Amino acid sequence: MPQPRPGAMRDGSAMKTEFRVNNFDLLRIIAAAQVVVIHSFSHLGIAHPWGWSAIDAFPGVPIFFVISGFLISASYERSSDLGSYARNRILRIVPGLWCVIILTVPVAMAFGYHFFNVKGAAWFVSQLAGLIFTPGFLKNFGFGSYNGALWTIPIELQFYFVLPLLYLATKRVPKRRTQVLVAVWAVFVVIAFIYATKSAPLAENTIESTSHKLFRYSFVPHIYMFLAGVLLQRFQAHQSRWMAGRGGYWLAAYLVVHFSLPEGSAAKYIVSTLLLSVTVISLAYTLPGVAHRVLDGNDISYGVYIYHGLILNIMVERGYHGRVGYVPLVMLLAAIAAFASWRLVEQPFLRRKRGSIKAGPSLAM
């Protein structure tokens, strides 16, 4: 019988149950909704309403990254082998991604774009492989990106690849693994800070050099968020008296710090993001089980995230512009597409997962 990897958290039924009962599904759908709102106002040319800074204070992408680090590292530590880990990650990301890419082709064709040529075929294959980019022949489709949210998918896949390498590098010092990971995390925090002084790390830049774009699409300026989740998992934050049940306190502290630091500064970006990481994990284990009561195990966050860009492109092509009432329409359509994706595509494939903490929604990312 395969044994868990060295350095894994001790395994007991009480601890496993405690770890599994959380609010991650709800936090992810909130993060996805934030991204939808931000993109809807931007791409539909809608003026920002009063209180926009409150929406902007909870960026969805960092929330996704830290939750991913927390859950994927725990899943990896309990995986029976590297093959099971890779299989589980593919089953989580690829089926939904392939569906939205395949659906993009007939939708774009309906608006006059052509794919039955060498460039179209090459682009299609590369997208299925996770190399997300918008080709020249789609630059005028919708708001200029065939699906703006998908740029984080290659980064997430890189996280999945880097994590086993980090664990492999510390294989001979399993008792000091966490300390080594802290040192690696600190290095990437410094890199992210330097990068943030030059450019907004999560911004979608329309004009940038190829080298800058490649760096932005790499894991390097973003992995400190993922590793923050890994470290919080390694430190067993779900059991900490400073974290579990303390979400309200961390949320208040985060808001104070976020709105106190100078707007647009690298310090605000890094400090706020790291404090948000702690807040998210604490909220996941504050009143745990709320997510299940609200969502009943339906994890539609991934679907909302990957489908809303295509919906926005359709609306842009149809001339929908400038009205705040379009935002709830985007949310509704994205939720419908996400629910269909969850029930018909994602959930059936997730049932095939092996050797993870839970072959169900709370640990799917």
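What follows draws every value from the coordinates through simple rules; no lab data is involved. This is a predicted model, so every value here is computed, not measured.
Points worth noting:
- Sequence-distant residues sharing a close amide H with residue 287 (under 5 Å, placed H): 245
- Helix 24-43 vs. the chain, principal-axis angle (Cα, 0 to 90°, nearest 10): 30
- Value of D in µm² per second that Stokes-Einstein yields for region 55-101, Kirkwood Rh from Cα pairs, at 25 °C (0.890 mPa s): 199
- Rounded to whole Hz, the Karplus (6.51, -1.76, 1.60) HN-Hα couplings of region 132-147, x for glycine and proline: 6, 7, 9, x, x, 6, 10, 4, 9, 7, x, 8, x, 9, 5, 6
- Helical contribution to [θ] at 222 nm, DSSP H n ≥ 4, -39,500 (n - 2.57), averaged over the chain, rounded to 500: -20000 deg cm²/dmol
- For region 181-196, 3J(HN,Hα) computed residue by residue from phi via the Karplus equation (6.51, -1.76, 1.60; θ = phi - 60°) reads 5, 4, 5, 5, 4, 4, 4, 6, 5, 4, 4, 5, 5, 4, 5, 5 Hz, glycine and proline entered as x.
- Hz values of 3J(HN,Hα) by residue in region 65-71 - Karplus curve (6.51, -1.76, 1.60), Gly and Pro given as x: 5, 6, 4, 4, x, 5, 7
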